[in-house]
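S.K.: The structure that follows is given in the form of structure tokens.
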Amino acid sequence: MKLELLKYPDARLRRKSEPVAEITEEIRTLARDMVETMYAEEGIGLAAPQVNRPLRLLVIDLSGPSLREGATVYINPELEILDDEKTESEEGCLSVPDLRAPVKRGARVRVKALNLEGIPFTEEADEVKAICLQHEYDHLEGILFLDHLSRLKRNLYAHKRKKLLKEENS
Ligand code: NI
């Protein structure tokens, strides 16, 4: 089932998510629905708080909605930036419509998480995957990619978005 996405400036995107206490059938269904939603919205990653479930759960499939080579589910992920090297790339977010902007992040990360069977796994990632993991992990902390932009850019977007929402509702 495709889930509804929360969008900026929805305050629920700003909550800090809670750990998944137990991998129940409900959590497995949520993960499946998140993958479906990610593909339907043409994203490569999605975090549970974006679908109004403040839980520490991410799904990522870098191959995207057309290839669907396989989504990875990360439950209660712990993220470590491996060195001082930075990388900059243009990011967008399904919860932040009509904005793409360059963001600087750690170039290499290590993530420890549980899979849907509750088995711990560790991954090291660079390039797009490292960026995507940092972006999605931020959502669990209530952080959006636009928080990494300059205040000027952030304010411009906030203003544009407010105006658009006002127009839609009038
Ligand atoms: Ni996002």
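The values are calculated or read from the model by the stated rules, or taken from the named source; none is laboratory data. On a predicted model such as this, the values are computed, not experimentally measured, just so you know. Please note: Cβ atoms are built from the backbone with ideal geometry, for glycine as well, and neighbour counts cover all protein chains shown. Note: accessible area is taken over every heavy atom of the protein model, side chains too, but ligands, DNA and RNA are not part of it. Shrake-Rupley method; radii C 1.70, N 1.55, O 1.52, S 1.80 Å.
S.K.: Within the range 122-145, track down each residue that is within 10 Å of the ligand (Cβ to nearest atom), surrounded by fewer than 20 Cβ atoms within 10 Å (Cβ to Cβ) and assigned to a helix (DSSP H, G or I).
M.R.: Across the range 122-145, the qualifying residue is only Asp138.
S.K.: Checking the condition free of Cβ contacts under 8 Å to residues at least 60 places away in the same chain, open to solvent by 30 Å² or more (accessible area, probe 1.4 Å) and assigned to a strand (DSSP E or B), which residue from Arg105, Arg100, Arg53 passes?
M.R.: Being free of Cβ contacts under 8 Å to residues at least 60 places away in the same chain, open to solvent by 30 Å² or more (accessible area, probe 1.4 Å) and assigned to a strand (DSSP E or B) holds for just one of Arg105, Arg100, Arg53, which is Arg100.
S.K.: Follow-up question, since we're still on this one. Which is touching a helix residue (DSSP H, G or I) at 6+ places or on another chain (Cβ under 9 Å), over 21 Å from Glu4 (Cβ atoms) and among the charged types (D, E, K, R), of Glu69, Glu91, Glu85?
M.R.: Every option except Glu91 fails the conditions.
S.K.: So, one more: Need pairs with beta-carbon distance below 9 Å; first residue under 12 Å from Asn52 (Cα atoms) and within the range 1-27, second modelled with pLDDT of 95 or more and open to solvent by 80 Å² or more (accessible area, probe 1.4 Å); sequence gap 6+ or separate chains.
M.R.: Matching pairs, first to second residue: Leu3/Glu36; Leu6/Arg12; Leu13/Lys7.
S.K.: Another question, then. Please identify the pairs in which a residue from the range 77-90 that is more than 27 Å from Leu55 (Cα to Cα) has its Cβ atom under 8 Å from the Cβ atom of a residue that is in a strand (DSSP E or B) and open to solvent by 100 Å² or more (accessible area, probe 1.4 Å), counting only partners at least 6 apart or on another chain.
M.R.: Lys86/Lys104; Thr87/Lys104; Glu88/Lys104
S.K.: In the list Arg161, Arg110, which residue meets the criterion of being within 16 Å of the ligand (Cβ to nearest atom) and open to solvent by less than 80 Å² (accessible area, probe 1.4 Å)?
M.R.: Arg161
S.K.: Filter the range 25-43 for residues that are within 23 Å of Gly118 (Cβ to Cβ) and among the acidic types (Asp, Glu); which is least open to solvent (accessible area, probe 1.4 Å)?
M.R.: Asp33
S.K.: Given the criteria at negative phi and either open to solvent by 50 Å² or more (accessible area, probe 1.4 Å) or within 14 Å of the chain's Cα centre (by Cα) (or both), does Leu116 qualify?
M.R.: When the stated conditions are applied, Leu116 does not pass them.
S.K.: Here is a further query. Between Glu69, Glu88, which is over 24 Å from Arg15 (Cβ atoms), surrounded by fewer than 19 Cβ atoms within 10 Å (Cβ to Cβ) and at pLDDT 95 or above? Talk me through it step by step, then tell me what you get.
M.R.: Values: Glu69 fails: at pLDDT 95 or above.
It is Glu88.
S.K.: Residues of the range 1-19 being open to solvent by less than 10 Å² (accessible area, probe 1.4 Å) and closer than 22 Å to Gly118 by Cα, which ones?
M.R.: As a first pass, look at the range 1-19 and keep what is open to solvent by less than 10 Å² (accessible area, probe 1.4 Å): 13, 17.
Once the filter is applied, which keeps residues that are open to solvent by less than 10 Å² (accessible area, probe 1.4 Å) and closer than 22 Å to Gly118 by Cα, the range 1-19 yields only Ser17.
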